[in-house]
1. Using the Cα centre of the range 57-187 as the reference point, and only Cβ charges (+1 on K/R, -1 on D/E), how large is the resulting charge dipole? Debye, rounded to the nearest 20.
2. Could you list the square roots of 5 times each eigenvalue of the Cα gyration tensor of the range 254-308, that is, the equivalent ellipsoid semi-axes, sorted largest first and rounded to whole Å?
3. Please find, in a Gaussian network model of the chain (springs between Cα atoms separated by less than 10 Å), the residue of 181, 41, 30 whose mean-square fluctuation is greatest.
4. Could you work out the mean projected area of the convex hull around the alpha carbons of the range 3-162, in square nanometres to one decimal?
5. Plugging the Kirkwood radius over Cα pairs into Stokes-Einstein for the chain, at a temperature of 20 °C and a viscosity of 1.002 mPa s, what D comes out in µm²/s?
6. Measuring from centroid to centroid over Cα atoms, what is the spacing of the range 89-159 and the range 208-223 in Å?
7. How do 306, 158 line up, fewest other C-beta atoms within 10 Å first?
8. Looking at the chain as a GNM with Cα springs under 10 Å, which of 31, 61, 128 has the largest mean-square fluctuation?
Amino acid sequence: MNQENDASYKLLFSAPELVRDLVMGFIPDEWLHGLDYETLEKMPGSYVTDDFRHRADDVVWRVKVGGEWVYLYILIEFQSRVDAFMAVRMMVYVGLMYQDLIRRGDSLDNKRLPPVLPIVLYNGDQKWTAATDIAELIPKVPGLVFNYLPQLKYLLIDENNYTEADLAGLKNLVAAVIRFEHPANGAALIQLIELLNEWLDGNPELKRIFAIWIRAVLLRQSKHALVLPKVNDLKELKMSLAERFDEWAKEYEQKGIEKGEALLLQRQLVRRFGALPNEVVNQIATATTRQLENWGDRVLDAATLDDVFQL
C-alpha cells in the first residue's frame, strides 16, 4: 500500500468505532465479542529499535479484559499487495511493540506481557497466497531444533471473501469501508454516502474522517484523474461527487452524439467516394460536432472527397 493510501487508512482506523466494528463484524470469536469496547484506547505506534532504526505509525489499540486490568493489544496492518513474508513483518512488529512496552514500564504484573491480536486487513485484487504463520515459512527438521522454531500467526481479513450481498445487510462501518472500495457505479456510491451520513448522525468528527478517506480512495482508484476539492464533511463530498457525475454524464452523452454523427458521415462518404484514406478517417474521428455537421451538409453536393473537407 503506498504511503498516501496507507496514511488514509491509518486515519480511518484512528477512530475506536472502526476497530470495534472490525472485531464485532469480521472476527467470529465469542470471547472477543464479550469485551467492553468502550474501554478502547489508542496506543503509541511509533517505535525505535535498540539500534536506532525507526518503525513508524502502526495502528495499535488496547482494550480492557474483565476487571483484571489485563490488556489485549490489537495491532492492525493494512495491505493492498500480497507479501510472501508478511508473517515475518508481523512478528517483527509484535516484537517491537513488546520492546516498547518494556522500555516504557507498561508490562503486566510479574513482568508478564499482554496478549496481542495481529490483524492484516487486505484489500488487494489478487488472491492472498502468503503464509499466515511464520512456522509455515521454515522447513521442519527432526530432533531438538524442531522445538525451537518460531511460531507466530496473524489474523487475515481478506475483503475479497465478502460479497456486496454479505455486506449490504450489515450496519457495520468496516462493511461500509469494503463497499466503498468496490462500488457498482456512481449512484451506488452516492447512496452509500447518504447511508453512512445517517449512521454517523451526531458524530461530526467521524464524518470528517470518512470524507477524507473516501476522497483518498476515489483519487487512488481514478489514478488522480478525478478532480475533487478537499472536503471535511460527507454532505460536501456527496455534493461534489454529484456535480462531477453530472458533468461526466453530459460528457458521455456528447461523445455519444459525436460518435454517431461521425459514423453516419463515414458511411455517406464511402457510398459517394469509396474507401476512405486513413487520414480522412482520423480527421473525422477527432472532429467537433460543428465540423461533422458542416461536412455532412456538403456530402450531397460535393464532386470530390476534397470538396467535403474544403475550408
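1. Dipole about the Cα centre, nearest 20: 400 debye.
2. Each semi-axis is the square root of five times an eigenvalue, giving 17, 12, 10 Å.
3. 30
4. On the way: hull surface 45.6 nm².
Orientation-averaged projected area of the Cα hull: 11.4 nm².
5. Stokes-Einstein gives a translational diffusion coefficient of 89 µm²/s.
6. 31 Å
7. By the 10 Å Cβ count, ascending: 306, 158.
8. Result for the chain, Cα springs under 10 Å: 31 fluctuates most.
Read the figures in this text as sums done on the coordinates, not as results from a lab. A quick note: this is a predicted structure, and the numbers were derived from the prediction, not measured. When we count neighbours, we look across all protein chains shown, and the Cβ atoms used for this are built from the backbone with ideal geometry, even at glycine.
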